[in-house]
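This report refers to the structure that appears directly beneath it.
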Amino acid sequence: MSIQGRKITIHDMSLRDGMHSVAHQFSLDDMVSLSTALDRAGVPLIEVTHGDGLGGSSVNYGFGLHSSEEYLKTVIPLMKNAKISALLLPGIGTVEDLKMARDIGVNTIRVATHCTEADVAEQHITCAAKMGMDTVGFLMMSHMADPETILEQARLMHSYGANCLYMTDSAGYMLPAEVSTKISLLRDEFPEEIEIGFHAHHNLAMGVANSLAAVEAGANRIDGSVAGFGAGAGNTPLEVFIAVCTRMGIKTGVDLDMIMDAAEDIALPMMGEPTRISRDALTLGYAGVYSSFLLHAKRVEKKHGIKSKDILVELGRRGTVGGQEDMIEDVALEMIRAQQNTGAT
Amino acid sequence: MTKRINKIPCALIGSGNIGTDLMYKLLRSPSLDPVWMVGIDPDSDGLVRAREQGMKTTHEGVDGMLEHIAEDGILIAFDATSAYVHAENSRKLVAHGVKVIDLTPAAVGPFCIPPVNLEEHIGKQEENLNMVTCGGQATIPMVNAVSRVQPVEYGEIVATIASKSAGPGTRKNIDEFTQTTSAAITSVGGADRGKAIIILNPAEPPLMMRDTVHCITTFEPDREAITASVKAMEAEVQKYVPGYRVKEGPVFDGNRVSIYLQVQGRGDYLPDYAGNLDIMTAAATHTAEVFAEQMLAGEAVA
């Protein structure tokens, strides 16, 4: 099936997943300048929340410079066309947070669970759908389950009321063939009015290729961030993806020149260190580890003197899932003790 | 003729993972006698196992047992159903003169974390006691271990449990878990503010329950005193949960004190990875035994 002329919805992650890149320290001015630039460029949907969603501000994930509520209240009134979304992970955020978000004008709520645990989202998806919100079920770390499991879990989220279902490559581990297989199955099994979405991380430099594979397989919502923002090596680089879509005749409604300018002139100066596929980010992608662990592992490396790459590989080996940031220091201490014991014998 | 009783007859409401694990602990108890198991599905594994143990069962919920409370002399009931139905269950049981130990996160009654505040509940004749949550039972003793040394302005806990150990009730009550645990981190743990996070991990083989406690102290932490207090609290919890251990820490980083815990279950119902079941049911059993001994002592005096 030709994808020329296909219309898709671009969902910007720079101000939510991008929070991981700056340890959740965006200023309100950063939020305003980047969100308004994205709005002007024609990005229809922009996510604004702590990197770990509503209620994510914590010792475990990092305290935000401001609360999600403050960020949302600042950005929402300034949007001319773009709608704002918020992320919520059951177990971290609650229905109370969800109602707060809706009351201040959030249009889209994305309820995220590990790809095999969709039933913990029943309270939240049901509530959002009942309030008439654009309600998205977001299956994280989707590389860890087979296509049939992803389908079964997506069915649960659909049954609670989600009108859009996401397959999320949180570790940036997937290759295009896997994206095609899983997205095609979802597209074939759900009615047309149910939207299918895809969220990538660029840890193996597959963000654009995987997003294209998703569009070809029938996804119509695609996530991305400008200037390399996003956990790990960032999400699908949005300015690049828009250029590719423009060449291929995929209709995004986003102005290429303006998104390039937003990336280069506005987003890039906000970053401490430009994103690259560092050894650690590559390790996340290769070993299938949750991308948000990156900065936490580097911090533990600094404090305890154990190589972050080794910690990440061990976390992958143990099958850790999104949200288990507290395992990083625990595992590092355990590894140090094991090394000392070996040294002693 | 007076029949001298040496065990207090009890009822178990809820035949899921928690209720069934609890049944095995009560069957071993020197002072509690599990007489009834109440469920809603006649074929549930819990009810089948209860019948095998010679217990009376009903699949008609609490209503199916109410008329037998008097004749069977039920004095204590454990509710391991769901926060959504607990208030109604409790109302009916209390109306029949039964003391209710609540293992759901409904938080109808006051919180009980045995090594921290069980003593405060003795002799108070409270009709309903809430056991907080599995994560709360594992972590709040440690928040308290820090706050009894010096002020804690913020306490945060992360509970990670194996997916296989989280039944449908737990999954439907995720918000109640975080809210009830947060409330108890402050009111029982002694922190000024509290936050709770729960993670389900589906890894195979299932991972053992692990919990992290982060406390932010108001002043520079007294490392020696906190380390000693944590060690002492670990021993307190181990008295009723032998598989409870401080795996790493306390780790100090500025005013942050972090304690990494592991809870190995006794494998009464689910295998030993399900420390979350064990710590909850062991805390409830321990609490009920203290009350049972009081009731029995009262009986002897009378």
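In region A:63-179, counting only helices (runs of 4 or more DSSP H) that sit wholly within it, the ones holding 3 or more residues that are among the hydroxyl-bearing types (Ser, Thr, Tyr) span A:68-75, A:147-160.
Residue by residue, here is whether (1) surrounded by fewer than 19 Cβ atoms within 10 Å (Cβ to Cβ); (2) without any contact (Cβ under 8 Å) to a residue 40 or more places away in the chain; (3) small (Gly, Ala, Ser) holds:
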| residue | (1), (2), (3) |
| --- | --- |
| A:GLU193 | yes, yes, no |
| A:VAL208 | no, yes, no |
| A:GLY218 | no, yes, yes |
| A:ALA233 | no, no, yes |
| A:PRO237 | no, yes, no |
| A:CYS245 | no, no, no |
| A:ALA263 | no, yes, yes |
| A:ALA267 | no, no, yes |
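Annotation: A:SER142 fulfils all but one of (1) within 14 Å of chain B (Cβ to nearest Cβ); (2) surrounded by fewer than 24 Cβ atoms within 10 Å (Cβ to Cβ); (3) among the polar types (S, T, N, Q); the unmet one is (2).
Residue count for region A:67-82 under the criterion of being touching a residue at least 40 places away in the same chain (Cβ under 8 Å) and surrounded by 19 or more Cβ atoms within 10 Å (Cβ to Cβ): the result is 3.
If you filter region A:295-345 down to residues that are closer than 22 Å to B:GLN262 by Cβ, among the small types (Gly, Ala, Ser) and over 23 Å from the mean Cα position of the chain (by Cα), you find that the one that is farthest from the other protein chains (Cβ to nearest Cβ) is A:ALA338. For region A:318-338, a residue qualifies if it is surrounded by 12 or more Cβ atoms within 10 Å (Cβ to Cβ) and without any contact (Cβ under 8 Å) to a residue 24 or more places away in the chain, and the qualifying residues are A:ARG318, A:MET327, A:ASP330, A:VAL331, A:GLU334. Quick test for you: out of B:ALA159, B:ALA184, pick the one residue that is within 14 Å of another protein chain (Cβ to nearest Cβ) and surrounded by 19 or more Cβ atoms within 10 Å (Cβ to Cβ). None of the other options fit; the residue is B:ALA159. Filtered by the rule that a residue be without any contact (Cβ under 8 Å) to a residue 60 or more places away in the chain, surrounded by fewer than 20 Cβ atoms within 10 Å (Cβ to Cβ) and assigned to a loop (DSSP other than H, G, I, E, B), region B:24-65 gives B:ILE40, B:ASP41, B:PRO42, B:ASP43, B:SER44, B:GLN53, B:GLY54, B:MET55, B:HIS59, B:GLU60, B:GLY61. Residues in region A:1-32 that are among the small types (Gly, Ala, Ser) and surrounded by fewer than 17 Cβ atoms within 10 Å (Cβ to Cβ): 3 in all. When restricted to residues that are more than 14 Å from chain A (Cβ to nearest Cβ) and assigned to a helix (DSSP H, G or I), region B:258-285 contains 10.
Considering only residues in region A:92-115 that are within 13 Å of chain B (Cβ to nearest Cβ) and over 17 Å from the mean Cα position of the chain (by Cα), the one that is nearest to A:GLY323 (Cα to Cα) turns out to be A:THR94.
Evaluation of A:PHE63 against the conditions (1) within 14 Å of chain B (Cβ to nearest Cβ); (2) surrounded by 21 or more Cβ atoms within 10 Å (Cβ to Cβ); (3) not β-branched (Val, Ile, Thr) shows that the sole unmet condition is (2).
Under the condition of being assigned to a loop (DSSP other than H, G, I, E, B) and surrounded by fewer than 19 Cβ atoms within 10 Å (Cβ to Cβ), which residue from region B:207-225 is nearest to the other protein chains (Cβ to nearest Cβ)? Filtering first and then ranking leaves B:THR218.
When A:GLN4 is tested against the conditions (1) in contact (Cβ under 8 Å) with a residue 60 or more places away in the chain; (2) on the phi < 0 side of the Ramachandran plot; (3) touching a Lys or Arg at 6+ places or on another chain (Cβ under 8 Å), the lone failure is (3). Applying the set (1) among the small types (Gly, Ala, Ser); (2) crowded, with 16+ Cβ neighbours inside 10 Å; (3) more than 27 Å from A:ASP97 (Cα to Cα) to B:ALA228 leaves exactly one unmet item: (2). Scanning region B:131-155 for residues that are touching a Gly at 6+ places or on another chain (Cβ under 7 Å) and closer than 17 Å to B:ILE198 by Cβ gives B:ILE140, B:VAL143, B:GLY155.
The numbers here are math on the coordinates, done by the rules we state, and not lab data. Here the structure is a predicted model, which means the values were calculated and not measured. Glycine gets a Cβ as well: all are built from the backbone with ideal geometry, and neighbour counts include every protein chain shown.
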